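J.: One structure, as structure tokens, below. Some questions next.
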Amino acid sequence: MYDLATAALDTAKIRGASYADVRVMHLRQRDLTTKNGQVGTLAQSESIGIGIRVLANGAWGFASTDRLTREGVAACAAQAVSIAKASALAKREDVVMAPENAYVDSWQSPFRKDPFELPLETQLALLLAADAEMRRVKGVTLTETDMQFRKIDSWFASSIGSRIHQRKMITGCGIVATSFQGDEIQKRSYPNSFGGQHALQGYELVESLDLLKHAPRIAEEAVALHAAAQCPQKTGTLILGGSQLGLQIHESVGHPIELDRVLGQEANFAGTSFLTLDQLNKLRYASDIVNVVADARPEHGQGLGTFAYDDEGVPAQCTDVIKAGQFRGYLSNRETAHLIGLQRSSGTMRTESWNRLPIIRMTNVSLLPGTWTFDDLVADTDDGILMETNRSWSIDDRRYQFQFSTEIGWEIKGGKRGRMLKNPSYSGITTEFWNSCDAICKREHWTLWGTPNCGKGQPMQTMGTGHGASPSRFRNVRIGTAFSEQ
Amino acid sequence: MTVTRKPGAAAMSKAGATRELRSIIDTVLRLARSIGVAETEVHVDETISALTRFANNAIHQNVAEHTVNVSVRTQVNLRTARATTNRTDEDSLRAAIEASLSLADSQPKNPHLLPLPGKQRYRGVQRFVNKTAALTPEDRARAVRRACDLAVKKGQTAAGIFSSAQTQSAMGNSRGLFAAYRDTHAVFSITMQEGSAASWAKENAADVADIDPQRLAERASEKAHRATDARELAPGRYTVILEPAAVLDLVGFLFYDFAATALQDKRSCLNERMGKQVFGKNISIVDDVYHALQLGAPYDGEGMPRQRVLLVDRGVPKNLVYSRGSAKAAKKKPTGHGFMLPNEYGEAPMNLVFSGGKASLEEMIASTERGLLVTRLWYIREVDPYEKIMTGMTRDGLFLVEKGRVTSAARNFRFNQSILEMLRNVEMLGPAVRATGEEAFEMVVPAMKIRDFHFSEVTKF
């Protein structure tokens, strides 16, 4: 693959590029789903091609092709340079890149069991068994299960001399029970909604989830929700389960710190950010106990944002985002780092596939563990609501005002978990919410959750991001807003 | 065999494109037949596209791609599965057939699986425009430059995209079915920012000549200027005038509710509501891929001809769309809306056309004592699937209307609003147009004036 990559770099240079980088990528995917005891989707796909990014006349161009011949790659590189020169027709200033070293390396994400090598019959049998367990519960009207496996090889080469091969194995799995009764549809998911848990692991992730144990429980909860009390509308104490808090971090910390948004590069689609450059090291983002990092290093965990190098050839790093409540850092790339006074990119350029341009992306943006056990946290709460498993999420285009709803809630009274609540929701303003955090559970309750469906960029790219979180408590939160006046 | 077109090459003739894709299909069918596969279906899709992206009054990303995907479904002994590859040499196509067979063989039999359909007849559609296919990076850069120059002149900041694409698709199966389609597609979208205010305009069309980037830039610029000094209003129920993009991104969430499979699965908001007065009498909806403002192939993922279906007649849901499988289960005829098999979702109408009215935006504003004019909605998600309560934000231009005229800009609101209730409260309709937003695929919808739209909270800008 490096021969083709080198051919592309050579052509780009001859055609007038001052810098070029190339990604040859081979993506393999398998999708399995069941619905109501029948196999739904059963498919696999592979895609291989090359994406070539060049800097010419001080402006960017990118072209991609699946014609992996020397002729095809050379034509693609020439097209990229031609596009860059067209970009220069509407540039204001030349692109400046932060310096970076050249690396020659190879890295593979650790996994114990390759799902592509295991018998498909075993995988389907597990999903069908979980599906059957859920259907045993009277009142369940729809059952769904899914597994998704991806194996991604990428060969990165740049005109400064880097040659980096990375192989990532990604696994996702989840189950859902739905109940339609009267005039409402209720749903419960395990271990998370919208496809379950996703991580940079092999089939061992599926085995660790114990689907058969949890299938009856979520089915019973889906049916029980019909008779549960409606979540009240009030301002009060909120405890968020880990997976919901992971999505809260994603939307109200992860996206606002993307420097391309801050600089207006996403203004037409994904939006901008309230974290203008004057806020760095000045804004009280959260309460003192809140520490958030963007950590792509393997030692942070096997998350969807874990890698050895980003897709710009920069090594994985850990960046302080919020330290003791203070706003400390953005996600940057080689083009934007100098704008915030950094000498080096924070290593967050990622691409969905060979035919997409790398853009600034979340890695693993995680809330570091606190000091509480979950039982102590509940016992310490006189009057509150525990909300678990996301049902809907929405935030404005500058990431101030958000609203989330979850599948299930539980009333907490006098330090004890009480009755079930249906249709829970909460809303707020980002910095007010994070400043109201007064308790975070400890490492034993911490999970690196995977968000596999983060959309950004034009053309749209879908990326997986990681979010470590443990259950946490927030005070004076607006609760029940989604169903107000309905 | 490989597809021999060079990246970025101009459009080839329809006959040439079809012949090239058909030869790939014929190769797959021949290879499958040679190893005794009972039934085989092949889809081939080729896309050549380019997108110029600008921000801060300059181009900052500029991309092009050329992709070919071959997707093979085999069906043997009541078992089926799909394998997809982007490699078109014989060895890779053979590997895709074998992968599909291996996947299919791993599962229990499905007694509901139908044999592949035979030859079908399709109505022709012409949606390929050479001028769009031939658009160059320089053409896009010049249009972007003019828009950015306008922003600079007005003291504003422009961001957006100008893209063009051509797609060729074909499908065939071992029972002699063959279908082919091609189209072109251009999009110009622009956000103009003035201080903390912003506004937006966007259009898409098969023919790039139908899009006037400078007119869109001027509209966004003028509205961004009017959006400055936004007032904070109290949340509550307001009369709203939704421009077509705002209507689209909300009603777009209804499309899957009209799938027969969604009702069979009891996850549609139309369960127990078919044949009832669910919407106002001024709401009628058809699914019509042949409508002059629509794009899309005249056949579905199974190769069945798409039919025009009356979904809602004067507020009453009348019909659903059916794949072959859901049609058999419901003892109906397929309507040509099925997804590629195997899948768990069945089908959906992808070409919704709302009946419109005659009111202009100006007439809607003039008739409003107090209300809000909404340019665009953002980050819309479903809060309640049966009452179809959606949440989301206004974005890029929210204006207060008082005594028949726009009096000021307003800070953006969060809404929590049932679409069912909303479509019972429509007071005025504009002409239906091809609308484009960011949450739903393009449909033909009108601007709407709606009473009692529920805004629950306000944000900081």
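The values are calculated or read from the model by the stated rules, or taken from the named source; none is laboratory data. Predicted model, so just to flag it, every value in this text is computed and none were measured. So basically every Cβ, Gly included, is an ideal-geometry build from the backbone, and we count neighbours across all protein chains shown.
J.: Only one residue in B:96, B:143, B:147, B:104 is part of a helix (DSSP H, G or I), under 30 Å from residue B:291 (Cα atoms) and among the hydrophobic types (A, V, I, L, M, F, W, C). Which one?
T.: Going through B:96, B:143, B:147, B:104 in turn, just one is part of a helix (DSSP H, G or I), under 30 Å from residue B:291 (Cα atoms) and among the hydrophobic types (A, V, I, L, M, F, W, C): B:143.
J.: Can you tell me which residues in segment A:415-462 are among the polar types (S, T, N, Q) and at pLDDT 95 or above?
T.: A:423, A:425, A:427, A:430, A:431, A:435, A:436, A:447, A:451, A:458, A:461, A:462
J.: Run down A:416, A:442 and say which single residue is in contact with a strand residue (DSSP E or B) (Cβ under 7 Å, 6 or more places away or on another chain) and of a type in the set (Lys, Arg). Write out each step before concluding.
T.: Values: A:416 fails: in contact with a strand residue (DSSP E or B) (Cβ under 7 Å, 6 or more places away or on another chain).
Among A:416, A:442, only A:442 is in contact with a strand residue (DSSP E or B) (Cβ under 7 Å, 6 or more places away or on another chain) and of a type in the set (Lys, Arg).
J.: Okay, next question. Taking segment A:78-96 as the search range and keeping residues that are touching a residue at least 40 places away in the same chain (Cβ under 8 Å) and in contact with a Phe, Trp or Tyr (Cβ under 7 Å, 6 or more places away or on another chain), which one is nearest to residue A:176 (Cα to Cα)?
T.: A:80
J.: Which members of segment B:107-118 meet the condition of being within 8 Å of chain A (Cβ to nearest Cβ) and either under 21 Å from residue A:30 (Cβ atoms) or in contact with a helix residue (DSSP H, G or I) (Cβ under 6 Å, 6 or more places away or on another chain) (or both)?
T.: B:107, B:108, B:110
J.: Let me ask something else about it. Based on this model, can you work out whether residue B:80 counts as assigned by TED's automatic domain parsing to the domain that holds residue B:188, part of a strand (DSSP E or B) and hydroxyl-bearing (Ser, Thr, Tyr)?
T.: Against the criterion (assigned by TED's automatic domain parsing to the domain that holds residue B:188, part of a strand (DSSP E or B) and hydroxyl-bearing (Ser, Thr, Tyr)), residue B:80 qualifies.
J.: Here is a further query. Output the residues belonging to segment B:275-292 that are over 21 Å from residue B:314 (Cα atoms) and either hydroxyl-bearing (Ser, Thr, Tyr) or crowded, with 18+ Cβ neighbours inside 10 Å (or both).
T.: Kept after step one, since they are over 21 Å from residue B:314 (Cα atoms), are these residues of segment B:275-292: B:290, B:292.
Within segment B:275-292, just B:290 meets the criteria.
J.: Same structure, new question: Tell me whether segment B:253-261 contains one or more residues that are of a type in the set (D, E, K, R), in contact (Cβ under 8 Å) with a residue 40 or more places away in the chain, under 24 Å from residue B:122 (Cβ atoms) and crowded, with 19+ Cβ neighbours inside 10 Å.
T.: No, that holds for no residue.
J.: Follow-up. Could you list, in sequence order, the residues of segment B:144-183 that are surrounded by fewer than 23 Cβ atoms within 10 Å (Cβ to Cβ) and among the hydrophobic types (A, V, I, L, M, F, W, C)?
T.: Result: B:150, B:152, B:161, B:165, B:177, B:178, B:179, B:180.
J.: Okay, moving on. What strands (runs of 3 or more DSSP E), lying completely within segment A:178-269, carry at least 2 residues that are touching an Asp or Glu at 6+ places or on another chain (Cβ under 8 Å)?
T.: A:184-190, A:234-240
J.: Just to be sure before I move on: is residue B:357 away from chain A (no Cβ under 14 Å) and assigned to a strand (DSSP E or B) in the structure I sent? Explain how you work it out, then say what you get.
T.: Working: away from chain A (no Cβ under 14 Å): yes; assigned to a strand (DSSP E or B): no.
For residue B:357, the condition - away from chain A (no Cβ under 14 Å) and assigned to a strand (DSSP E or B) - is not met.
J.: A further question follows. Report every pair of residues separated by at least 6 positions or lying on different chains whose Cβ atoms are under 9 Å apart, first residue within segment B:76-89 and facing chain A (nearest Cβ under 9 Å), second assigned to a strand (DSSP E or B) and among the acidic types (Asp, Glu).
T.: Taking only residues 6 or more apart or on different chains, the pairs are B:80/B:39; B:80/B:41; B:82/B:41; B:83/A:46; B:84/A:46; B:85/A:46; B:86/A:46; B:87/A:46.
J.: Inside segment A:464-476, can you point out the residues that are surrounded by 21 or more Cβ atoms within 10 Å (Cβ to Cβ) and in a strand (DSSP E or B)?
T.: A:464, A:465, A:466, A:467, A:468, A:469, A:472, A:473, A:474
J.: Considering B:99, B:159, B:141, B:104, which residue is within 9 Å of chain A (Cβ to nearest Cβ), modelled with pLDDT of 95 or more and touching a helix residue (DSSP H, G or I) at 6+ places or on another chain (Cβ under 7 Å)?
T.: After ruling out the rest, the residue left standing is B:141.
J.: If residue B:383 satisfies every condition in (1) within 12 Å of chain A (Cβ to nearest Cβ); (2) touching an Asp or Glu at 6+ places or on another chain (Cβ under 9 Å) but one, which is the exception?
T.: Against the list (1) within 12 Å of chain A (Cβ to nearest Cβ); (2) touching an Asp or Glu at 6+ places or on another chain (Cβ under 9 Å), residue B:383 comes up short only on (2).
J.: Condition check: more than 19 Å from residue A:310 (Cα to Cα), more than 7 Å from chain B (Cβ to nearest Cβ), surrounded by fewer than 23 Cβ atoms within 10 Å (Cβ to Cβ) and not small (Gly, Ala, Ser). Does residue A:118 satisfy that?
T.: Values: more than 19 Å from residue A:310 (Cα to Cα): yes; more than 7 Å from chain B (Cβ to nearest Cβ): yes; surrounded by fewer than 23 Cβ atoms within 10 Å (Cβ to Cβ): yes; not small (Gly, Ala, Ser): yes.
Yes, satisfied.
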